[in-house]
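Read-outs throughout are calculated quantities, based only on the coordinates presented, and are distinct from any laboratory measurement. For clarity, every value in this text was computed on a predicted model and none was experimentally measured. Cβ sites come from the backbone with ideal geometry, for glycine too, and all protein chains shown count toward neighbours.
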Amino acid sequence: MGSTVSSSPSYSGSQTLLEFERLAEMEKKTFSVSSLTDKATESFEPAPPPYSLSNTTSASTKPSASTSRLSVITGRFGTWLKHKEKTAPPGAVDGILEPMLAKFDTIIILDDSGSMAGKSWEEARNALAALAKIASKYDENGIDIHFMNNQEVGENLKDVNQVMELFEKVRPRGATPLGETLRRVIMPYIRQLDNVERTRGQEAMEKIKPVNYIVITDGAPTDDSTEDVIRQAAIQLDKNSRPRAQVGIQFVQIGDSSDAKYFLEHLDDDLVKKYGIRDMVDTTKTKWRKGLNAEILIKALVGSFNRRVDEEGGKVFRKDIGNM
């Protein structure tokens, strides 16, 4: 990336994680603010390299034909998002959101089961398109999106077009294999940390960016391995004394399924006491009448690091991003 923004400290590896651990305790701090539009042209010192799965494919970056349905959807959504940016007054993003997006990889795991079809699928698509556009201003890697059933993977998504095109390739169907998906997406990253440290040393391992996984789902899983996968991941991270912010799993529930609510709250509240492992899980529930939007995803991203955001939600950033 380009030159360093003078107001933003530069962190790498474990320094980044230690700083976020410090920020997590500063619940009374009022964070500085700046506009998304102004920040679009600013950049950071090079961040550590992103983590990626070797067998994934990137979403196409080629624009769709102007006569296609996708082009119409993308054009309308892009115009709406641009309007939101222009009308948003100067605001927050500097304090937490900026370094969060620049120094952490953001990986989405999206439930593409049959029950997600319709309104929930549209909400997820629009929220992720907005998040990708915001993230691209602070992280040249954008966001990655994995699905639970479809093997299509979107890597380094940075704009509305890329997210819309990815969603055109996937249709909600099937069950909710949450545990197996977590194993498929998260465990290779943890093994990579261990392998790099063993073969190239701790300094090389610390250059691997920490990851925030956002899991968006509308129901309880149809497999029974979710709890065990999280337990195994936490044990491996604890065994090798990884910083507590190395891996975060943020569950975002769409809809009002009581089974999903109970299950996700169990993952958030009970696993630490039950197994004596680190706390790496947080949950966020969308309000039934409001649905999923970028504001909720921002809460999921930063809530675990700062209690003010966790308690008040992404609304502390609302004046910066609008109601995306």
*In whole angstrom, note down how far apart the Cα centers of the stretch 118-157 and the stretch 159-230 are.*
13 Å
*Mean separation of Cα pairs under 8 Å and 6+ residues apart, divided by the residue count of the stretch 113-188: what relative contact order is that in percent?*
36 percent
_Antiparallel bridge percentage (DSSP; both residues within the stretch 92-236; nearest 5)_ = 20 percent
_Restraint check, Lys137/Lys299; Lys137/Lys290; Lys239/Lys261; Lys137/Lys261, Cα-Cα greater than 24 Å_ = Lys137/Lys290; Lys239/Lys261; Lys137/Lys261
*Give the order of Tyr262, Tyr189 when sorted by the count of other beta carbons within 10 angstrom, beginning with the fewest.*
Tyr262, Tyr189
_Loop trypsin sites (Lys or Arg not before Pro), the stretch 138-194, which have at most 16 other Cβ atoms in a 10 Å radius of their Cβ (DSSP)_ = Lys169, Arg173
*So for the stretch 198-257, Kirkwood radius off the Cα pairs, Stokes-Einstein at 20 °C and 1.002 mPa s: how many µm² s⁻¹?*
155 µm²/s
_Using Cβ counts within 10 Å as a stand-in for footprinting exposure, how do Asp105, Asp279 rank, fewest first?_
Asp279, Asp105
*Enumerate by residue number the trypsin sites (Lys or Arg not before Pro) in the stretch 231-296 meeting two conditions: DSSP loop (anything except H, G, I, E, B), and at most 15 other Cβ atoms within 10 Å of the site's Cβ.*
Lys287, Arg289, Lys290
*If each residue's Cβ is checked for other Cβ atoms within 10 Å, how do Leu193, Leu131 rank with the fewest at the top?*
Leu193, Leu131
